[in-house]
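K.L.:
Structure in structure tokens, see below.
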Amino acid sequence: MAIVALSLGISLGSCKKQEPSDLTRESIIPAPVSVTATGGYFTISKNTDIYFKGETEELKQVAQYLADRLKPATGLDIEVIQTAGEPKRGSIYFVLTGDGTNTADESYELNISKKVLQISAVNAAGAFRAVQTVRQLLPAEIELSTASEGPWMVPTGIISDYPDYSYRGMMLDVSRHFFSVEDVKRVIDLISYYKLNVLHLHLSDDQGWRIEIKSWPNLALHGGSTEVGGGEGGFFTQEQYSDIVKYAQERHITIVPEIDMPGHTNAALASYAELNCDGKARELYTGINVGFSSLCVRKDITYKFVDDVIRELAALTPGPYIHIGGDESHSTKTEDYLFFMEKAQEIVGKYGKNVLGWDEIATTKLANGSVAQYWAKAANAQKAVEQGAKVLFSPAIKTYLDMQYDSTTKLGLHWAAYIEVDDAYEWDPATMVEGVGKENILGVEAPLWTETVTNIDELEYMVFPRLAGIAEIGWTPALKRDWIDYRERLARHGERLAAMGVDFYRSDLVPWAEPEEKKVLKAR
Ligand code: TNX
């Protein structure tokens, strides 16, 4: 996270002032479904208030969120006011067009005239997505934490928008290296800017158990006490986890927690001797090998453990999914794997949640509502579809944010591919695997595994800008996606990411719009 004290340059703002307004030429990511320009400007000024119509607390929260976002850069203390009538000239106006019950609908409409900037949505989630569009229509300086003069102009016109896929996520591995609550909240803020709606937290693996389980306290106390490279690790208390869930909820983001089983369990096996077939606790592990650990599948205590962990986690998780991992269980016999997965799915169902699992789970009998996360094997994605299950797309060769950009990238791995910014953008989930069509696909998710990623700066460098491209694949219809056009829009986002203090990778493939001297100042 770079400290951004410098202003992005008056030239930007004033140059914008001279340009004729054209809403269709704005650089919105993900690209909206439909944009019509009317050639004028709406201006946010000291006369601007934010109105919202209706009783809903959630809509008020979104209106307040916008006021909070606008405050640092504009210096304006914009009032958030409930109204039944027409908003006054110069104001921003939130209206709900549904009864708020259809929470899955994220569609919205922006109606921007010289007089009023109106945000209409079926529910608060749609209004929240609309706010991200408004932020992107304002000058890049709106993301700075220091106040400047503006002018804060938005081109007039109409935007009608809704997502192509209902699940658009990022995964963060907090097991290989632990990340603090504050880091996770920053990730939530950054992904919400690109209209993602899920953050999947990989909470356990061989190297660390990162969530407090009250009935098995040693999991976090001992199993969370180190990380890759031997650092001190850490874990979230249940209170901290709930705080993350709430912070995400306020940004209309669902948390999907993962407990990876029956492989990737060395941290648990080190914490409780009785989980091992030989009754002997394993040593903590700080390397980066995979595939060497397994729960003892035929022992009863294993299912008491799984039941307790899922029960506590489900109680803390309002979202519909619990992820049970299931990848790379190379030390579990095939028949044991099938036996375990059937039981684990049953337990998740018992606590009212649906299962998400890595694509290997499609080799087992899938429970109703289980979703396979395709990362490696197309045959597994096909097996899921044959069983009538949905597939979440995270192909390692396109979406793995821990893959290096090219052979000169210092962080990351390259076992799946080098993934440049165009590689992460130019693919289509709906045509990638034969027999797996759009109707079988729940959405897309980009995972960040953290064997080589140790802090928030490194995280930002691997995640951005590739995640913006994945976000567009999840939101924007395939027919509207085009690398040449995207590259130009992404170039304009360099200033925005810089204003937010994001340490992003300045790929040579993108004509970044930042002034030269800033590039020097921001050098890593
Ligand atoms: C494979 S992806 C894994 C992870 C590693 C990752 C590193 C998946 C389901 N398993 O355990 O962290 O590769 O890129």
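The values are calculated or read from the model by the stated rules, or taken from the named source; none is laboratory data. Source: prediction; values computed, not measured. Cβ atoms come from the backbone with ideal geometry, glycine included; neighbour counts cover every protein chain shown.
K.L.:
Taking the condition of a type in the set (Val, Ile, Thr) and either more than 25 Å from the chain's Cα centre (by Cα) or in a strand (DSSP E or B) (or both), does Ile244 pass? Lay out the reasoning, then the answer.
P.N.:
Working: of a type in the set (Val, Ile, Thr): yes; either more than 25 Å from the chain's Cα centre (by Cα) or in a strand (DSSP E or B) (or both): no.
No, not satisfied.
K.L.:
Tally up the residues in region 20-69 that are charged (D, E, K, R) and under 29 Å from Arg466 (Cα atoms), please.
P.N.:
Looking only at that region, the number is 5.
K.L.:
Would you check if there is a residue in region 494-511 being of a type outside the set (Gly, Ala, Ser), closer than 26 Å to Leu356 by Cα and touching a Lys or Arg at 6+ places or on another chain (Cβ under 8 Å)?
P.N.:
no
K.L.:
Has region 452-468 got at least one residue that is farther than 19 Å from Phe179 by Cα, in contact (Cβ under 8 Å) with a residue 40 or more places away in the chain, surrounded by fewer than 22 Cβ atoms within 10 Å (Cβ to Cβ) and more than 16 Å from the ligand (Cβ to nearest atom)?
P.N.:
no
K.L.:
Would you mention how many residues in region 342-375 are touching a residue at least 40 places away in the same chain (Cβ under 8 Å) and under 14 Å from Val433 (Cα atoms)?
P.N.:
The qualifying residues number 3.
K.L.:
Just give me the residues in region 216-228 being assigned to a helix (DSSP H, G or I) and within 12 Å of Ser175 (Cα to Cα), in sequence order.
P.N.:
Ala220, Val228
K.L.:
Could I ask something else about it? Could you please find all residues in region 471-488 being in contact with a Lys or Arg (Cβ under 8 Å, 6 or more places away or on another chain) and either within 16 Å of the ligand (Cβ to nearest atom) or β-branched (Val, Ile, Thr) (or both)?
P.N.:
If the condition is that a residue be in contact with a Lys or Arg (Cβ under 8 Å, 6 or more places away or on another chain) and either within 16 Å of the ligand (Cβ to nearest atom) or β-branched (Val, Ile, Thr) (or both), then Ile473 is the only one that fits.
K.L.:
A further question follows. Go through region 346-370 and give me each residue that's surrounded by 24 or more Cβ atoms within 10 Å (Cβ to Cβ) and either away from the ligand (no atom under 16 Å from the Cβ) or within 21 Å of Val309 (Cα to Cα) (or both).
P.N.:
Kept after step one, since they are surrounded by 24 or more Cβ atoms within 10 Å (Cβ to Cβ), are these residues of region 346-370: 348, 355-359, 361-362, 370.
Within region 346-370, Val348, Val355, Leu356, Gly357, Trp358, Ile361, Ser370 qualify.
K.L.:
Identify all residues within region 404-416 that are on the phi < 0 side of the Ramachandran plot and of a type in the set (Gly, Ala, Ser); write none if there are none.
P.N.:
Ser407, Ala416
K.L.:
OK, next. Within region 371-384, which residues are part of a helix (DSSP H, G or I) and either closer than 20 Å to Gly169 by Cβ or within 14 Å of the ligand (Cβ to nearest atom) (or both)?
P.N.:
Matches in region 371-384: Asn380, Ala381, Ala384.
K.L.:
Considering only region 288-300, how many residues are surrounded by fewer than 18 Cβ atoms within 10 Å (Cβ to Cβ), of a type outside the set (Phe, Trp, Tyr), in contact with a helix residue (DSSP H, G or I) (Cβ under 8 Å, 6 or more places away or on another chain) and over 13 Å from Lys343 (Cβ atoms)?
P.N.:
1
K.L.:
Scan region 154-176 and report the pairs whose first residue is over 11 Å from Gly443 (Cα atoms) and outside any strand (DSSP E or B) and whose second residue is within 16 Å of the ligand (Cβ to nearest atom) and hydroxyl-bearing (Ser, Thr, Tyr), with Cβ atoms within less than 6 Å and a gap of 6+ or a chain change.
P.N.:
Sorted first by the residue in region 154-176, then by its partner, the pairs are Ser175/Ser204; Arg176/Thr450.
K.L.:
Something else: Would you mind telling me which numbered condition in (1) surrounded by fewer than 24 Cβ atoms within 10 Å (Cβ to Cβ); (2) outside any helix (DSSP H, G or I) Thr133 fails?
P.N.:
(2)
K.L.:
Got at least one residue in region 399-422 being of a type in the set (Gly, Ala, Ser), crowded, with 21+ Cβ neighbours inside 10 Å and outside any loop (DSSP other than H, G, I, E, B)?
P.N.:
Taking every residue of region 399-422 in turn, none turns out to be of a type in the set (Gly, Ala, Ser), crowded, with 21+ Cβ neighbours inside 10 Å and outside any loop (DSSP other than H, G, I, E, B).
K.L.:
For the subset of region 58-67 comprising residues that are farther than 16 Å from Ala248 by Cα and out of contact with any Asp or Glu (no Cβ under 8 Å at 6 or more places or on another chain), which member is surrounded by the fewest Cβ atoms within 10 Å (Cβ to Cβ)?
P.N.:
Ranking the candidates gives Lys60 first.
K.L.:
Given Glu342, Glu335, Glu360, which one is in a helix (DSSP H, G or I), under 26 Å from the mean Cα position of the chain (by Cα) and at pLDDT 95 or above?
P.N.:
Numbers: Glu342 fails: under 26 Å from the mean Cα position of the chain (by Cα); Glu335 fails: under 26 Å from the mean Cα position of the chain (by Cα).
Residue meeting the stated conditions: Glu360.
K.L.:
What number of residues within region 254-285 are aliphatic (A, V, I, L, M) and assigned to a loop (DSSP other than H, G, I, E, B)?
P.N.:
Count: 2.
K.L.:
Looking at (1) farther than 19 Å from Tyr505 by Cβ; (2) more than 10 Å from the ligand (Cβ to nearest atom); (3) among the hydrophobic types (A, V, I, L, M, F, W, C), which is the one condition that is false for Leu411?
P.N.:
(1)
K.L.:
Let me ask something else. Just give me the residues in region 394-406 being within 15 Å of the ligand (Cβ to nearest atom) and either at pLDDT below 95 or over 15 Å from Gly325 (Cα atoms) (or both), in sequence order.
P.N.:
Answer for region 394-406, where residues must be within 15 Å of the ligand (Cβ to nearest atom) and either at pLDDT below 95 or over 15 Å from Gly325 (Cα atoms) (or both): Pro395, Ala396, Ile397, Lys398, Thr399, Tyr400, Leu401, Asp402, Met403, Gln404, Tyr405.
K.L.:
Continuing with the same structure: Just to be sure I understand, how many residues within region 311-329 are away from the ligand (no atom under 12 Å from the Cβ), more than 12 Å from Leu356 (Cβ to Cβ) and either of a type in the set (Lys, Arg) or surrounded by 24 or more Cβ atoms within 10 Å (Cβ to Cβ) (or both)?
P.N.:
Qualifying residue count, region 311-329: 1.
K.L.:
Here's a follow-up. Can you tell me which residues in region 61-84 are more than 20 Å from Gly501 (Cα to Cα) and either in a strand (DSSP E or B) or without any contact (Cβ under 8 Å) to a residue 12 or more places away in the chain (or both)?
P.N.:
Within region 61-84, Asp77, Val80, Ile81, Gln82, Thr83 meet the criteria.
K.L.:
Hey, can you tell me all the residues within region 428-451 that are crowded, with 20+ Cβ neighbours inside 10 Å, over 17 Å from the mean Cα position of the chain (by Cα) and assigned to a loop (DSSP other than H, G, I, E, B)?
P.N.:
Val433, Val436, Glu451 - these are the residues of region 428-451 that are crowded, with 20+ Cβ neighbours inside 10 Å, over 17 Å from the mean Cα position of the chain (by Cα) and assigned to a loop (DSSP other than H, G, I, E, B).
K.L.:
How many residues are among the hydroxyl-bearing types (Ser, Thr, Tyr) and surrounded by 23 or more Cβ atoms within 10 Å (Cβ to Cβ) if we restrict to region 171-187? Show your work before the answer.
P.N.:
First pass over region 171-187, keeping only residues among the hydroxyl-bearing types (Ser, Thr, Tyr): 175, 180.
Now drop any that are not surrounded by 23 or more Cβ atoms within 10 Å (Cβ to Cβ), which leaves 175.
So the answer is 1.
K.L.:
Turning to a different aspect of this structure: Out of region 229-252, which residues are surrounded by fewer than 24 Cβ atoms within 10 Å (Cβ to Cβ) and among the aliphatic types (A, V, I, L, M)?
P.N.:
Hits for region 229-252 are Ile244, Val245.
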